[in-house]
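The values are calculated or read from the model by the stated rules, or taken from the named source; none is laboratory data. Please read all numbers here as calculations on a predicted model, not as lab measurements. Here Cβ is always computed from backbone atoms with ideal geometry, including for glycine, and neighbour counts include all displayed protein chains. When the accessible area is computed, the model is the full protein with side chains, heavy atoms only, and any ligands, DNA or RNA have been set aside. Shrake-Rupley method; radii C 1.70, N 1.55, O 1.52, S 1.80 Å.
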Amino acid sequence: MEEKFMREAIRLAKKAKAMGEVPIGAVVVSEGKIVGRGYNLRTKLQLASAHAEMRALDAACRKLKSWRLENAELYVTLEPCPMCMGAALNARIAKIYFGAYEQKGRSLTAELAAANLLNHRIGVEGGVLGGECAEVLTSFFTEMRERERKKREEGENP
């Protein structure tokens with residue numbers, strides 16, 4: 001079941017990639033149904049909070065008409081950052097499934113999930129379709145570096 005929902009998160013990550021955004025996708029699932037979807041839109045919206053998880057959580061809260069998502073699960077293609085973990089804790093998400101592990105910075109996912117903040121703990125499972133999730137990110141950054149290299153070369157040889 002985890003793979004089904006992670007595949008939808010990957011689809012959303014690819015949508016972000018096609019827009020030139022860092023390709024991260026997320027879905028919120030309640031009672032076996034997707035109730036919130038999101039993908040990264042920080043650049044387009046110029047909002048620091050426009051992370052995939054935040055957008056999916058907001059959509060789920062609107063759909064369920066509650067800020068409490070106690071029995072819901074969050075599926076995200078990349079290990080959540082501290083801001084997104086805080087939002088998931090605040091929403092009382094039951095469990096987070098993520099694909100790729102954060103490689104560049106420390107996410108604090110495990111520490112925040114186990115800290116019993118807000119009288120709540122979140123179950124966490126990493127590595128769900130991790131290779132596929134990582135590939136979407138890796139290909140995005142490889143392509144971005146290649147475009148930047150070509151721009152530099154063209155600028156040097158007008």
*Counting only DSSP beta bridges with both residues in the chain, tell me the antiparallel percent, nearest 5.*
60
*Please go through the residue pairs K17/K151; K4/K95; K33/K65 and name each one whose alpha carbons sit more than 18 Å apart in this structure.*
K17/K151
*Using just the alpha carbons, could you tell me how many Å³ per residue the convex hull of the range 19-69 encloses?*
71
*If you add up the charges near M144, with Lys and Arg at +1 and Asp and Glu at -1, over every other residue whose beta carbon is less than 12 angstrom from its beta carbon, what do you get?*
+2
_For the range 1-94, radius of gyration divided by Kirkwood radius, i.e. Rg to Rh on alpha-carbons_ = 0.94
*asked:* Distances longer than 13 Å among the Cα atoms of the range 1-43: what percent of all pairs is that?
replied: 48
*Within the accessible area of the range 19-105 (1.4 Å probe), percent carbon and sulfur*: 49
*Report, to two decimal places, the Cα Rg of the chain normalised by 2.2 N^0.38 Å (N = number of residues).*
1.09
*Can you list which of the chymotrypsin sites (Phe, Trp or Tyr not before Pro) found in the range 48-134 are DSSP loop residues with at most 16 other C-beta atoms within 10 Å?*
W67, Y101
_Which three numbers, in whole Å and largest first, are the semi-axes of the equivalent ellipsoid of the range 41-81 derived from its Cα gyration tensor as √(5λ)?_
20, 13, 7
*asked:* So if each residue of separation counts as 0.36 nm, and I subtract the Cα-Cα distance between M144 and E132, what length gain in nm does that give?
replied: 2.5 nm
_Equivalent ellipsoid dimensions for the range 57-147 as semi-axes, Å, which come from the Cα gyration tensor, largest first_ = 26, 15, 11
_If you take every residue apart from A13 with its C-beta less than 13 Å away from the C-beta of A13, what net charge results, scoring Lys and Arg +1 and Asp and Glu -1?_
+2
*Cβ under 11 Å from V124's Cβ, V124 left aside: what net charge do those residues give with Lys, Arg +1 and Asp, Glu -1?*
-2
*Quick one: accessible area per residue over the chain, 1.4 Å probe, rounded to a whole number of Å²?*
56
*Taking the Cα centre of the range 24-158 as origin and charging only Cβ (+1 Lys, Arg; -1 Asp, Glu), how large is the dipole, in debye to the nearest 20?*
540
*Report the label-to-label distance for E102 and E31 in nanometres (one decimal), using points 7 Å from each Cα along the Cα→Cβ vector.*
3.3
*Are there GluC sites (Glu not before Pro) in the range 56-158 that DSSP marks as loop and that have at most 12 other Cβ atoms within 10 Å, and which are they?*
E70
*the range 46-96: trypsin sites (Lys or Arg not before Pro) in DSSP loop, at most 11 other beta carbons within 10 Å*: K65
